[in-house]
Amino acid sequence: MPQTPDRPNILVIITDQQRADTMACYGNDWIQTPNMNALAASSFVFENAYVTQPVCTPSRSTMLTGTYPHTNGLVRNNIALAPDALSIAEMVSPEYRCVHYGKWHLGNDANAQHGFQDWISTGQVSPGPDGTGQSDYHAWLEEQGVELPEHYVRPGGDGAGSKRAVAQANLPEELTQASFVGDITTKFLREESDEPFLMFTNFFEPHPPYSGPLGDLYDPATLPVGPDFMRTPNGHSLFNRSRSEFYLAGEHREDSVAGCDHHDLHSEAGWRALRANYMANITLVDRQIGRIMEALEDSGHADDTIVVFTSDHGDMLGDHGLLEKRAFYDGSARVPLLMRVPWLSQGQTRIPGSVGQIDLVPTLLDLVGESIPDHLQGESKASVLRGEKTLENNDVFVQWNGKGDRDLGTPTINEMIALPRRTIVSSDRWKLNLCDGDDGELFDLTTDPHELTNLFGEPAQLERIQSMATRLRAWQEKTGDTARLPAV
């Protein structure tokens, strides 16, 4: 086993909207992800990892700052990270070369910021003096001779630059955003000097649009699905019931630029086709993971580099009749979390229990010997990786802040999404969802992993609900969370 390096490197790989059960180490025995599987085979695999809020900007804010969305202020999408909010790149020693490639989504993607010196953008860029904005990826596409439709760049428009549909739709594999991010990441790793580095490389896929160059890879008709697929969540919260009713009626806001997503959700065949395309885009990313890990090995730094693989949230993909994120169901809030630390383990080590991404920043700082700032709201799990502790009694907290979301389809859905919600996932795998203004939910994730049966109204569960709610309120007090919750 390699010796602990004096200054370990950190490579954090983040996909967008990848749910946990899309990898073999989380029970998926049919998806083609050999490179993710190989990474998992040499990593610590956290069996149940949860985001702090199941939507892009808030979740990413936690992975960069080690604070909850209600603390750092990024309680919804399209909010910029405050200048005085520290990212992990501003917490490590100045000798680290700090690199950020790909999706940022914490403000204008155009320029290096928050301690990162090397910066290549793929996301939305605010317009400059000439009224237009262009990401590095968009500029690269033009260099390749790609003529993008006019609606990809709108002079002076909000979100000018690389519209998200550019990532996949109507482009061959070598021109996708996945390949671009793979190219720039492997180039850095192969050319990187001996100075230690902290690198965040961020893939757009498998975020919608649910289309891409590998769309025919999986047969929709035989695609495995669970018992919750296209099943109305009767007896669950009004928020979940109303969204399910909307989507199962065939309603589908095209989650991309017009013309790039053609899935008809009026039938099971359409849902299956969407789901198959989503899985194909995970395979698209997997091919780039293989290139990145090969480049890391070739660089000679594989044994002194921590590799983290995770995602900002999942996608419901028709489970409970829902699409995309914003739900507390595991399909939306539970994500992969792998940590490869060669000097602690050479094979796969599974970590049972539940963990939150709030612990990622302090864990990484601890593993590389940096001090952990007092303002961080998670705690290092390095002792768990070393086998000194377990995740027993480790509660995880997930939030929804109800601030300024887009139109989600109906007045009832929009009314429900505007209400703050809080979740606690206990170490013994129970999940309690509370909202002042909506029905509560309680799921036994051990016996009911698909969250089919809401036990909130069962008299036999009252003591459990009260205990979990008490711990939830104690967490609120500790972290300064003022969201109102119902009495139970």
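Scanning the range 369-380 for residues that are charged (D, E, K, R) and either within 17 Å of THR62 (Cα to Cα) or open to solvent by less than 20 Å² (accessible area, probe 1.4 Å) (or both) yields ASP374, GLU379.
β-branched (Val, Ile, Thr), outside any loop (DSSP other than H, G, I, E, B) and surrounded by fewer than 18 Cβ atoms within 10 Å (Cβ to Cβ), is that true of THR412? Considered against the rule, which asks whether it is β-branched (Val, Ile, Thr), outside any loop (DSSP other than H, G, I, E, B) and surrounded by fewer than 18 Cβ atoms within 10 Å (Cβ to Cβ), THR412 comes out as yes.
Under the condition of being open to solvent by less than 40 Å² (accessible area, probe 1.4 Å) and closer than 19 Å to ASN72 by Cα, the residues counted in the range 381-409 number 7. Scanning the range 168-178 for residues that are open to solvent by 10 Å² or more (accessible area, probe 1.4 Å) and part of a helix (DSSP H, G or I) yields GLU173, GLU174, LEU175. Considering only residues that are at pLDDT 95 or above and among the hydroxyl-bearing types (Ser, Thr, Tyr), look in the range 307-345 and name the one that is farthest from ASP228 (Cα to Cα). Out of the qualifying residues, it is THR310.
Starting from the range 210-221, keep only residues that are within 8 Å of ALA276 (Cβ to Cβ) and of a type in the set (Ser, Thr, Tyr), then list their pairs with residues that are open to solvent by 20 Å² or more (accessible area, probe 1.4 Å) and part of a loop (DSSP other than H, G, I, E, B) whose Cβ atoms are within a distance under 9 Å, requiring at least 6 positions of separation or different chains. Note: pairs meeting the criteria are TYR218/TRP30; TYR218/GLN32. Is there a residue in the range 459-476 that is of a type outside the set (Phe, Trp, Tyr), modelled with pLDDT under 95 and within 22 Å of ARG334 (Cβ to Cβ)? No. Reported count of residues in the range 365-390, each being among the acidic types (Asp, Glu) and in contact (Cβ under 8 Å) with a residue 12 or more places away in the chain, is 3.
Within the range 424-459, the residues that satisfy the criterion of being in a strand (DSSP E or B), over 17 Å from ASN48 (Cα atoms) and open to solvent by 20 Å² or more (accessible area, probe 1.4 Å) are ASP436, ASP438.
Can you pull out the residues in the range 98-118 that are surrounded by fewer than 18 Cβ atoms within 10 Å (Cβ to Cβ) and either aromatic (Phe, Trp, Tyr) or not in a loop (DSSP other than H, G, I, E, B) (or both)? Within the range 98-118, just ASP118 meets the criteria.
Once the range 332-355 is narrowed to residues that are open to solvent by 10 Å² or more (accessible area, probe 1.4 Å) and among the small types (Gly, Ala, Ser), the residue that is nearest to MET63 (Cα to Cα) is GLY353. Looking only at the range 397-404, decide whether some residue is without any contact (Cβ under 8 Å) to a residue 12 or more places away in the chain and either closer than 28 Å to GLU90 by Cα or among the charged types (D, E, K, R) (or both). Checked against the condition, which is being without any contact (Cβ under 8 Å) to a residue 12 or more places away in the chain and either closer than 28 Å to GLU90 by Cα or among the charged types (D, E, K, R) (or both), the range 397-404 yields no hits at all.
When ASP366 is tested against (1) surrounded by fewer than 24 Cβ atoms within 10 Å (Cβ to Cβ); (2) under 28 Å from LEU452 (Cβ atoms); (3) acidic (Asp, Glu), exactly one condition is not met: (2).
Of the residues in the range 85-104, how many are free of Cβ contacts under 8 Å to residues at least 60 places away in the same chain and either in contact with a strand residue (DSSP E or B) (Cβ under 9 Å, 6 or more places away or on another chain) or closer than 13 Å to LEU64 by Cα (or both)? Going through the range 85-104 one residue at a time, the tally reaches 3.
Looking across the range 289-306, the residues that are within 25 Å of ASP21 (Cβ to Cβ) and either at pLDDT below 95 or open to solvent by 10 Å² or more (accessible area, probe 1.4 Å) (or both) come down to GLY290, ARG291, MET293. Of the conditions (1) within 25 Å of LEU323 (Cβ to Cβ); (2) among the aliphatic types (A, V, I, L, M); (3) touching a residue at least 40 places away in the same chain (Cβ under 8 Å), LEU442 satisfies every one except a single condition; which number is it? Of (1) within 25 Å of LEU323 (Cβ to Cβ); (2) among the aliphatic types (A, V, I, L, M); (3) touching a residue at least 40 places away in the same chain (Cβ under 8 Å), only one is false for LEU442: (3). Checking each residue in the range 460-487 for being in a loop (DSSP other than H, G, I, E, B), of a type in the set (A, V, I, L, M) and surrounded by fewer than 17 Cβ atoms within 10 Å (Cβ to Cβ) picks out only ALA487. Contact map, the range 20-42: first residue over 16 Å from TYR218 (Cα atoms) and in contact (Cβ under 8 Å) with a residue 12 or more places away in the chain, second residue of a type in the set (Ser, Thr, Tyr) and open to solvent by 10 Å² or more (accessible area, probe 1.4 Å), Cβ cut-off under 7 Å, separation 6 or more or different chains; pairs are ALA20/TYR26.
Any residue in the range 307-322 that is of a type in the set (A, V, I, L, M, F, W, C), out of contact with any strand residue (DSSP E or B) (no Cβ under 8 Å at 6 or more places or on another chain), touching a residue at least 12 places away in the same chain (Cβ under 8 Å) and open to solvent by 10 Å² or more (accessible area, probe 1.4 Å)? No, the range 307-322 contains no residue that is of a type in the set (A, V, I, L, M, F, W, C), out of contact with any strand residue (DSSP E or B) (no Cβ under 8 Å at 6 or more places or on another chain), touching a residue at least 12 places away in the same chain (Cβ under 8 Å) and open to solvent by 10 Å² or more (accessible area, probe 1.4 Å).
The values are calculated or read from the model by the stated rules, or taken from the named source; none is laboratory data. Since the structure is predicted, the reported quantities are computational estimates derived from the model, not experimental observations. Using ideal geometry, Cβ is built from the backbone for each residue, glycine included, and neighbour counts are taken over all protein chains shown. Accessible surface areas use protein heavy atoms only, side chains included; no ligands, DNA or RNA. Shrake-Rupley method; radii C 1.70, N 1.55, O 1.52, S 1.80 Å.
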